[in-house]
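Let me begin by presenting the structure, written as structure tokens, before commenting on it.
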Amino acid sequence: MIRWIYLILLLLVLSISHVFLLEDAAQRQKALPQADRNAQIMPSAILKIVSGEFDGLASDFLFFETLSFYGQTFERQERPRIKDWEWQWIYKSLMASTDLDPYFYDPYYLGAAILSWEAQLYKEVNTLLEKGSKNRDWDWTLPYFAGFNYFYFLNDNDKAFELLKEASIRPDASPSLASLASRMAIREGRTELAILYLQGILAETTDENIKGEFEKRLKALRHIFSLEKAISYFKITFHRVPTTLQELVDRKVLFLLPEDPYGGEFFIDGAGAVKSTSGLM
């Protein structure tokens, strides 16, 4: 009986905390724009004390509230869809959830899925993933996600190789990981490796919102890869870099230019790399 009373009190505290955070979020939304915003969440040390033996339940509660909040943002029309302080709230919520239950996989996966690509919180998400990798030392996916972040976003090939190598020797790891790690070590095919990474993570994805975002990113990367190959062909044929992407069409290297699924336009930057005005790829 006492256990059930304690459980009810825990859920009550978490619910009150959630209502407070939603009210705080509503007030922040009304106050836009403001320069400095602080993402607030109850400290993990206090949550551990409050949750007691129900820390796993408290971890579940935090995660599903975070996932629910993220899903609701897809109904927004404004851009950016998620504000910087809200990304900080999501990150801190996932950190708190995994402080309560460091073996809980879903918060780590959600962090890997959204915090690097959408929020550009590369170092923060790797802090989350490295905590998960240490606690879930049988799980190959977490060092895999962190290794890709080091390679693709942070340009740290040595750290990427180290993590991919670690992932490749864990139980049930994909046989292709050792090859992927070797290709990262010699800095081969950045865009092509990103495509392989997204194909791998999509195979693990069940949430439809997250799956849709990854499919859009994969489509954008495939377009970028096709443009990169066209630029390489142009350089071999005409002995120079095209001044614009339109020149690839004018010189009959491409029939037409692909469209950015994020609504921007692809272009060649000063270093000869393919970028998009959308800023999302």
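Pairs linking a residue in the range 66-79 that is surrounded by 10 or more Cβ atoms within 10 Å (Cβ to Cβ) to a residue that is modelled with pLDDT of 90 or more and of a type in the set (Ser, Thr, Tyr), with Cβ atoms under 9 Å and 6 or more positions apart or on different chains, are 66/93; 66/97; 69/93.
For residues in the range 238-281 being of a type in the set (S, T, N, Q) and not in a helix (DSSP H, G or I), which is surrounded by the fewest Cβ atoms within 10 Å (Cβ to Cβ)? The extreme case among them is 243. No other residue among 131, 92 is under 22 Å from residue 163 (Cα atoms) and out of contact with any Gly (no Cβ under 6 Å at 6 or more places or on another chain) apart from 131. When restricted to residues that are surrounded by 24 or more Cβ atoms within 10 Å (Cβ to Cβ) and either of a type in the set (S, T, N, Q) or assigned by TED's automatic domain parsing to the domain that holds residue 117 (or both), the range 129-148 contains 3. When 130, 124, 162 are checked against the criterion of being among the charged types (D, E, K, R) and under 13 Å from the mean Cα position of the chain (by Cα), 124 stands alone in meeting it. Looking at 117, 87 in this structure, which one is in the same structural domain as residue 57 (by TED's automatic domain parsing), at pLDDT 90 or above and either among the aromatic types (Phe, Trp, Tyr) or surrounded by 16 or more Cβ atoms within 10 Å (Cβ to Cβ) (or both)? None of the others qualify; the one that does is 87.
The values are calculated or read from the model by the stated rules, or taken from the named source; none is laboratory data. Nothing here was measured: the structure is a model prediction, and the numbers come from that model. All Cβ positions, even for glycine, are placed from backbone atoms using ideal geometry, and neighbour counts span all protein chains on display.
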